[in-house]
Amino acid sequence: MTKQYLTAEQTTQEVIENWKKEHKKIFKYVTEDKQKTAYFKNPDVSAIEASSVIASTKPMQSNKLLAKACFLGGDTDVFEEPKYLLGLGKKLQGLVEVVEGELEEL
């Protein structure tokens, strides 16, 4: 069964505020040609791990897996059409939040 998503046109400010309550951070992606808009959340650990496992051998599949795991709504073409997925792939790492720290030998 295919999950039904809200289209970009159906994504209101109220929808975005509800997503923020549920997921904390929400990201809006607009293609350079302004033809497609999509909304994403941060990935969970399992999505990061799964995409990392296949990244070295199948980078496009890895990008698609990560995009689908984080996708909340908008135009699914951003991960279904190769020309859009290639552009999105460059931005996906921005969804992965990293906090660096210091490691000190005691």
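Compute the long axis of helix 45-55 from its Cα atoms, compare it with the longest principal axis of the Cα atoms of the chain, and write down the angle in degrees, 0 to 90, nearest 10.
It works out to around 90 degrees.
To the nearest 20 debye, what charge dipole does the chain have about its Cα centre, counting +1 at the Cβ of each Lys and Arg and -1 at the Cβ of each Asp and Glu? Numbers along the way, then the final one.
Numbers: 15 positive and 17 negative charges, 89 e Å.
So the magnitude is around 420 debye.
Across 10 Å bins from the origin, how do the percents of Cα pairs in the range 13-95 run, short distances first?
19, 52, 26, 3, 0
Taking 26 Å as the cut-off for C-alpha to C-alpha distance, list the pairs among K25/K58; K24/K83; K41/K90; K41/K83; K34/K58; K58/K91 that go past it. All intermediate terms of the calculation are to be shown ahead of the outcome.
Values: K25/K58 28 Å; K24/K83 29 Å; K41/K90 16 Å; K41/K83 22 Å; K34/K58 28 Å; K58/K91 17 Å.
From the list (K25/K58; K24/K83; K41/K90; K41/K83; K34/K58; K58/K91), the Cα-Cα distance tops 26 Å for K25/K58; K24/K83; K34/K58.
Where a number appears in this text, it was derived from the coordinates with a stated rule and is not lab data. Note that the coordinates shown come from a computational prediction; the quantities given were computed from them, not determined experimentally. Positions of Cβ are generated from backbone atoms using ideal geometry, with glycine treated the same way; all protein chains shown enter the neighbour counts.
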